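All of the numbers you see were taken from the coordinates with simple rules; none came from a lab. Note that the structure is a prediction, hence the values are computed from the model and not measured.
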């Protein structure tokens with residue numbers, strides 16, 4: 001198989017991106033699977049995750065650890081996806097987890113809805129001590145409720161197209 005989209009999704013955000021990425025991939029030699037149902041192999045993997053405390057879950061960590069000699073692109077959603085610096089940090093952390101005998105193709109992160117428990121946590125923090133930082137977290141939560149939106153999905157498609165184009169342009173160096 002040429003492409004395999006593997007993902008972990010808690011609230012449906014990453015699944016939404018995974019479906020968009022799958023649809024953007026060319027040809028018929030492709031599949032999409034939830035991490036817990038993963039089977040088979042591919043030349044190129046698009047691995048999707050949701051961010052919690054700056055990294056993916058253990059299921060994705062274990063999967064990445066088992067990948068060897070493959071091409072790997074990462075995508076994900078995080079509640080603080082509007083913070084580009086934070087997203088770059090997450091991307092660098094995730095890239096470092098990919099075994100060195102793989103070829104890293106890049107990453108795409110966008111904002112995704114957070115669970116209601118996160119807002120409860122922020123509000124409890126605010127009750128103890130209100131601050132501009134806590135108000136920013138609550139505002140980020142409200143803004144995240146609108147994501148992933150159509151612009152995020154378009155950016156995910158562009159991410160895939162750039163990787164596929166690079167692959168087509170440099171096919172000799174990919175083999």
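For the reader, a short list of remarks on this structure follows.
- Counting only DSSP beta bridges with both residues in the chain, the antiparallel share comes to about 5 percent.
- Label assignment, Cα extents along the principal axes in Å derived from the structure, set (i) 70, 40, 27; (ii) 56, 48, 33; (iii) 58, 30, 28: (iii)
- Cα gyration tensor shape of segment 32-133, rounded if a/c is under 1.5, else prolate or oblate by comparing a/b with b/c: prolate
- Projected over every direction and averaged, the convex hull enclosing the alpha-carbon atoms of segment 5-55 yields 3.9 nm².
- Kirkwood-based Rg to Rh ratio, segment 106-151, C-alpha trace: 1.08
- Gyration tensor over alpha-carbon atoms, segment 63-110, equivalent ellipsoid semi-axes in Å: 22, 9, 8
- Taking every C-alpha pair closer than 8 Å and separated by at least 6 residues, the mean separation divided by the residue count of the chain gives a relative contact order of 23 percent.
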